[in-house]
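Chemist: Please read through the structure below; I'll follow up with questions.
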Amino acid sequence: MYGNNRADMWLMTKANWFKPEHMTYISEQVKRLDDHQLNVLMSANLKDPTMILLLSILVPLIGIHGVDRFVLGDIGMGVGKLLTFGGCGIWWIIDIFMVSDRAKEINYQLVAQMLGYTSSYTQ
């Protein structure tokens with residue numbers, strides 16, 4: 001019973017960190033975890049999509065220099081943005097619309113891997 005409350009709390013606090021179409025699978029699997037597995041999942045290094053978006057928008061020098069992509073683990077794209085000053089600003093503007101979804105996809109891939117789910121579904 002205690003584990004289910006913790007699972008529900010984790011799901012409520014992290015719901016915006018995943019795409020809606022992923023939440024059904026994640027919710028079903030997280031509620032089946034025992035306490036140890038739930039503790040491991042709760043300690044996962046998930047990316048906050050809102051923070052990534054704020055890094056990209058509010059601090060243009062950070063967004064233009066690719067720091068948002070480095071934080072996501074997209075090293076190649078981060079280096080590309082760094083060397084081209086965000087594609088002369090164009091790449092930076094495009095990333096404003098894309099980095100939040102990329103963070104959600106990275107979170108889903110990490111959680112799905114931790115839950116033992118492998119699928120060809122990657123969007």
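The values are calculated or read from the model by the stated rules, or taken from the named source; none is laboratory data. This structure is a prediction, so every number in the text was calculated from the model and none was measured. All Cβ positions, glycine included, derive from the backbone under ideal geometry; neighbour counts span all protein chains shown.
Chemist: Which residues, counting only those in the stretch 35-47, are at pLDDT below 90 and under 26 Å from ASP95 (Cα atoms)?
Modeler: Passing the criteria: ALA44, ASN45.
Chemist: Does the stretch 19-34 contain at least one residue that is within 30 Å of GLY89 (Cα to Cα) and either modelled with pLDDT under 85 or among the aromatic types (Phe, Trp, Tyr) (or both)?
Modeler: Checking the stretch 19-34: not a single residue is within 30 Å of GLY89 (Cα to Cα) and either modelled with pLDDT under 85 or among the aromatic types (Phe, Trp, Tyr) (or both).
Chemist: Further, regarding this structure: Before we move on, is ASP35 under 20 Å from THR13 (Cα atoms) and under 12 Å from the mean Cα position of the chain (by Cα)?
Modeler: Numbers: under 20 Å from THR13 (Cα atoms): yes; under 12 Å from the mean Cα position of the chain (by Cα): no.
Judged against the criteria, ASP35 is not a match.
Chemist: Further, regarding this structure: Give the residues of the stretch 75-84 that are under 14 Å from SER56 (Cα atoms) and not small (Gly, Ala, Ser), sorted by residue number. Full working, then the answer.
Modeler: First, pick out the residues of the stretch 75-84 that are under 14 Å from SER56 (Cα atoms): 77-78, 81-82.
Selection gives MET77, LYS81, LEU82.
Chemist: Looking at VAL111, VAL67, can you tell me which residue is touching a residue at least 60 places away in the same chain (Cβ under 8 Å) and either surrounded by 15 or more Cβ atoms within 10 Å (Cβ to Cβ) or among the aromatic types (Phe, Trp, Tyr) (or both)?
Modeler: Working: VAL67 fails: touching a residue at least 60 places away in the same chain (Cβ under 8 Å).
Only one candidate qualifies: VAL111.
Chemist: Give all pairs with beta carbons closer than 9 Å in which a residue from the stretch 92-103 that is farther than 15 Å from GLY66 by Cβ and modelled with pLDDT of 85 or more meets a residue that is in a helix (DSSP H, G or I) and not acidic (Asp, Glu); count only pairs at least 6 apart in sequence or on separate chains.
Modeler: SER100/PRO49; SER100/THR50; SER100/ILE52; SER100/LEU53; SER100/SER56; ASP101/PRO49
Chemist: Looking only at the stretch 22-56, which residues are touching a residue at least 24 places away in the same chain (Cβ under 8 Å) and surrounded by fewer than 17 Cβ atoms within 10 Å (Cβ to Cβ)?
Modeler: Residues satisfying the conditions are LYS31, ASP34, ASP35, VAL40, MET42, ALA44, ASN45, ASP48, THR50.
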